[in-house]
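*Asks:* Got a structure for you, questions after.
The values are calculated or read from the model by the stated rules, or taken from the named source; none is laboratory data. The structure displayed is predicted, hence computed values, not measured ones. Cβ coordinates were reconstructed from backbone atoms using ideal geometry, including for glycine residues, and neighbour counts include every protein chain displayed. These area figures cover heavy atoms from the full protein model, side chains too; ligands, DNA and RNA do not enter into them. Shrake-Rupley method; radii C 1.70, N 1.55, O 1.52, S 1.80 Å.
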Amino acid sequence: MIEFSRVTVTYPDALRPVLSDVSLLVEEGELCLVAGPTGSGKSTLLGAINGLVPHFTGGRLTGRVLVSGHDTALFPPRELASVVGVVGQDPLAGFVTDTVEEELAYAMEQLAVPPDVMRKRVEETLDLLGIAELRNRPLRTLSGGQQQRVAIGSVLTAHPSVVVLDEPTSALDPTAAEDVLAAITRLVHDLGTTVVVAEHRMERVAQYADRLLYLPGDGSVRSGPPAEILATSSIAPPIAELGRLAGWSPLPLSVRDARRVAGPLRSRLAELSVGEGSFSVTGSALDVRGVVVRYGDVPAVRGVDLRVGPGEVVALMGRNGSGKSSLLWAVQGSGPRSAGKVDVGGVDPASLKPRVARQRVGLVPQTPADLLYLDSVGAECAQADAESEVPPGTARALLDRLAPGIAGEVHPGDLSEGQRLALVLAVQLASAPPVVLLDEPTRGLDYHAKRRFAAILRELSAEGRAVVLATHDVEFVATVADRVVVLAEGEVVADGPTKEVVVASPAFAPQVAKILAPQRWLTVDEVAAALA
């Protein structure tokens, strides 16, 4: 179905090819997972499948890419639209109509599909993805999971042979991600559609994949069964890392399979103590009292109280639309606040001028590219140092820790999503204000980048800075958070130490906790340290 024959892709002014002499084959009806470090070429590989590379991106492609018998060098993306359907990282950014039914019909209108056929396909797609009750809903009122399913449906109505998805679950809570993955696996098993998925959160997808395409970052691509590739790859989900540590072979990829072989490991760990990681709060770096946020008549945050001590790392969790982002913006002072008080060092940030407020409370938003406005990475870093009044090179050093190897002259718009996020994190953290707010800070980061980011957060904590991060990344929360606060419908429904909250929740429990339950281990590093 998809065949790469000695494909090499080189962008203008690049020192080396992004893809180098790549040959691979993806069979019809396979679910193929694409993984690799940030900036390793995953987006280029996906773009080559539907002709965006090089027709839209520029650069030079040598070799041949065949998709369902079509040579992508001879067909521009618009002529491959009926063969390859593409769903990007941000579905809302790709919508062109107002309602669900209109969006499902749009692609067929462009392909001149007869009206009676269009109506039939819309109904079939609504039923296939379980979104029939949403047909008349405005797209902007949908949850993240619902938007993702509509985006998938909008390409399915064209009946493509191949569906390509770029980070389809990166912005979704665990439950919504499961819904989207259920829809994806149904396409593969019920319709025989070939699906190619690029996803940094491999723990969500690996168990469903028939094939793994692993890009180590040197231009090559390794192709094979997921368990075989993950046995030696430099990045792997926690379940695979735990399997390597325990010596399981073949590696299990689902919690069920891992629990079946984890009995001896649980017996060894039963004799060892589990650190509870308790955090004692002394003083208050951030004090939130009765904060209410409304958008018209719709309440997004309902009287939330939150106290964060110096050096404490607090994770805000909850399903999409639970009020996490609204709360962060209200705390920072830039967002709307209908009622309540926020105290940071005796001052409410909302009462300060924006520049002064940023020196007390820093916020990295969900769409970090909004904060980038200069024409090179080096200029962004230099500007951040100047505005933060820190020694030159501070922001650049942070960037090199998060995502090494980014040239200073590169335009931020040419970076991958993960690299762009790393740049914004470096820019914002250069000033290191007393309170740091992070909205989905790991979206687009690979496991190595997340480890480096966790180390930076621990340094900020050690310096006495309070960190609040809103995230759906349960594995990252297990690594860095002292405390977890769960929101639902704008209200706090759980607040306690990380181990206490996440172990009690099937939705928010990390893989290690599920495999080793009822013991209270959260991460592979914890297990490794105990065994050592």
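*Asks:* Specify the residue that is most open to solvent (accessible area, probe 1.4 Å); the eligible residues are those in segment 513-522 that are closer than 19 Å to Val261 by Cβ and either of a type outside the set (S, T, N, Q) or within 26 Å of the chain's Cα centre (by Cα) (or both).
*Replies:* Only one residue fits best here, namely Pro518.
*Asks:* Let me ask another. Restricting to segment 382-394, what's the tally of residues that are more than 25 Å from Asp13 (Cβ to Cβ), in contact (Cβ under 8 Å) with a residue 40 or more places away in the chain and open to solvent by less than 80 Å² (accessible area, probe 1.4 Å)?
*Replies:* Residues flagged as more than 25 Å from Asp13 (Cβ to Cβ), in contact (Cβ under 8 Å) with a residue 40 or more places away in the chain and open to solvent by less than 80 Å² (accessible area, probe 1.4 Å) within segment 382-394 amount to 3.
*Asks:* Of the residues Val474, Val435, Val468, Val390, only one is at pLDDT 90 or above and more than 21 Å from the chain's Cα centre (by Cα); which?
*Replies:* Exactly one of Val474, Val435, Val468, Val390 is at pLDDT 90 or above and more than 21 Å from the chain's Cα centre (by Cα), namely Val435.
*Asks:* Here is a further query. Which ranges mark the strands (runs of 3 or more DSSP E) fully within segment 178-269 that have 2 or more residues being in contact (Cβ under 8 Å) with a residue 40 or more places away in the chain and open to solvent by less than 50 Å² (accessible area, probe 1.4 Å)?
*Replies:* 194-198, 211-214
*Asks:* While we're here: Only residues that are within 16 Å of Gly263 (Cα to Cα) and open to solvent by 10 Å² or more (accessible area, probe 1.4 Å): list them for segment 500-512, please.
*Replies:* Selection gives Gln511 alone.
*Asks:* Under the condition of being surrounded by 13 or more Cβ atoms within 10 Å (Cβ to Cβ) and closer than 29 Å to Ala330 by Cα, which residue from segment 368-381 is nearest to the chain's Cα centre (by Cα)?
*Replies:* Applying the filter and picking the extreme gives Pro368.
*Asks:* Give segment 22-35 a look and list any residue that's part of a strand (DSSP E or B), open to solvent by less than 50 Å² (accessible area, probe 1.4 Å) and either closer than 20 Å to His448 by Cβ or not hydrophobic (A, V, I, L, M, F, W, C) (or both), or say none.
*Replies:* Leu33, Val34, Ala35
*Asks:* Any chance you could count how many residues in segment 59-72 are within 12 Å of Phe4 (Cα to Cα), not in a strand (DSSP E or B) and not hydroxyl-bearing (Ser, Thr, Tyr)?
*Replies:* So the answer is 1.
*Asks:* State which residue is least open to solvent (accessible area, probe 1.4 Å) when the search covers only segment 6-21 and only residues that are in a strand (DSSP E or B), over 18 Å from His55 (Cβ atoms) and in contact (Cβ under 8 Å) with a residue 60 or more places away in the chain.
*Replies:* Ser20
*Asks:* Right, next: Select from segment 101-114 the residues that are open to solvent by 40 Å² or more (accessible area, probe 1.4 Å) and either in a helix (DSSP H, G or I) or among the aromatic types (Phe, Trp, Tyr) (or both) and list them in ascending order.
*Replies:* If the condition is that a residue be open to solvent by 40 Å² or more (accessible area, probe 1.4 Å) and either in a helix (DSSP H, G or I) or among the aromatic types (Phe, Trp, Tyr) (or both), then Glu101, Glu102, Tyr106, Glu109, Gln110 are the ones that fit.
*Asks:* I need the full set of residues from segment 77-87 which are surrounded by 17 or more Cβ atoms within 10 Å (Cβ to Cβ) and touching a helix residue (DSSP H, G or I) at 6+ places or on another chain (Cβ under 6 Å), in order please.
*Replies:* Leu80, Val84, Gly85, Val86, Val87
*Asks:* Any idea how many residues of segment 139-169 are within 14 Å of Ile184 (Cβ to Cβ), in a loop (DSSP other than H, G, I, E, B) and touching a helix residue (DSSP H, G or I) at 6+ places or on another chain (Cβ under 8 Å)?
*Replies:* 3
*Asks:* If you don't mind, there's one more thing I want to ask. Looking for something in contact (Cβ under 8 Å) with a residue 60 or more places away in the chain, over 29 Å from Val18 (Cβ atoms) and of a type in the set (Ser, Thr, Tyr) - is there at least one such residue anywhere in segment 414-433?
*Replies:* Scanning segment 414-433 turns up at least one residue that is in contact (Cβ under 8 Å) with a residue 60 or more places away in the chain, over 29 Å from Val18 (Cβ atoms) and of a type in the set (Ser, Thr, Tyr).
*Asks:* Scan (1) at pLDDT 85 or above; (2) acidic (Asp, Glu); (3) under 30 Å from Ser23 (Cα atoms) for the single condition Asp90 breaks and write down its number.
*Replies:* Going through the list (1) at pLDDT 85 or above; (2) acidic (Asp, Glu); (3) under 30 Å from Ser23 (Cα atoms), Asp90 breaks only (1).
*Asks:* Are there any helices (runs of 4 or more DSSP H) wholly within segment 435-532 with 2 or more residues that are under 28 Å from Gln359 (Cβ atoms) and either free of Cβ contacts under 8 Å to residues at least 12 places away in the same chain or of a type in the set (Ser, Thr, Tyr) (or both), and if so which?
*Replies:* Hits in segment 435-532: 447-462.
*Asks:* Of all residues in segment 160-208, how many are hydrophobic (A, V, I, L, M, F, W, C) and within 23 Å of Ile235 (Cβ to Cβ)?
*Replies:* Of the residues in segment 160-208, 15 are hydrophobic (A, V, I, L, M, F, W, C) and within 23 Å of Ile235 (Cβ to Cβ).
*Asks:* Please name all residue pairs, on different chains or six or more residues apart, with Cβ atoms under 8 Å, provided the first residue is in segment 119-140 and is over 11 Å from Ala183 (Cα atoms) and the second residue is modelled with pLDDT under 90 and open to solvent by 50 Å² or more (accessible area, probe 1.4 Å).
*Replies:* Arg121/His159; Leu139/Leu92; Arg140/Leu92
The rows are residues; the columns are (1) farther than 27 Å from Gln366 by Cα; (2) of a type outside the set (A, V, I, L, M, F, W, C); (3) buried (at least 20 other Cβ atoms within 10 Å of the Cβ).
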position: Thr72; (1), (2), (3): yes, yes, yes
position: Phe75; (1), (2), (3): yes, no, no
position: Asp116; (1), (2), (3): yes, yes, no
position: Asp127; (1), (2), (3): yes, yes, no
position: Arg137; (1), (2), (3): no, yes, no
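*Asks:* Of the residues that make up segment 36-49, is at least one on the phi > 0 side of the Ramachandran plot, assigned to a loop (DSSP other than H, G, I, E, B) and open to solvent by less than 30 Å² (accessible area, probe 1.4 Å)?
*Replies:* yes
*Asks:* Could you identify the single residue in Asp90, Asp98 that is open to solvent by 30 Å² or more (accessible area, probe 1.4 Å), out of contact with any Gly (no Cβ under 6 Å at 6 or more places or on another chain) and without any contact (Cβ under 8 Å) to a residue 60 or more places away in the chain?
*Replies:* Just a single option satisfies the conditions, and that option is Asp98.
*Asks:* Residue check, Gln519 against (1) closer than 23 Å to Gln366 by Cβ; (2) touching a Leu at 6+ places or on another chain (Cβ under 8 Å), all met but one. Which one?
*Replies:* Among (1) closer than 23 Å to Gln366 by Cβ; (2) touching a Leu at 6+ places or on another chain (Cβ under 8 Å), the lone unmet condition for Gln519 is (1).
*Asks:* So is Ala397 buried (at least 20 other Cβ atoms within 10 Å of the Cβ), of a type in the set (A, V, I, L, M) and more than 20 Å from the chain's Cα centre (by Cα) or not?
*Replies:* no
*Asks:* What strands (runs of 3 or more DSSP E), lying completely within segment 281-361, carry at least 2 residues that are crowded, with 22+ Cβ neighbours inside 10 Å?
*Replies:* 286-295, 298-308, 313-317
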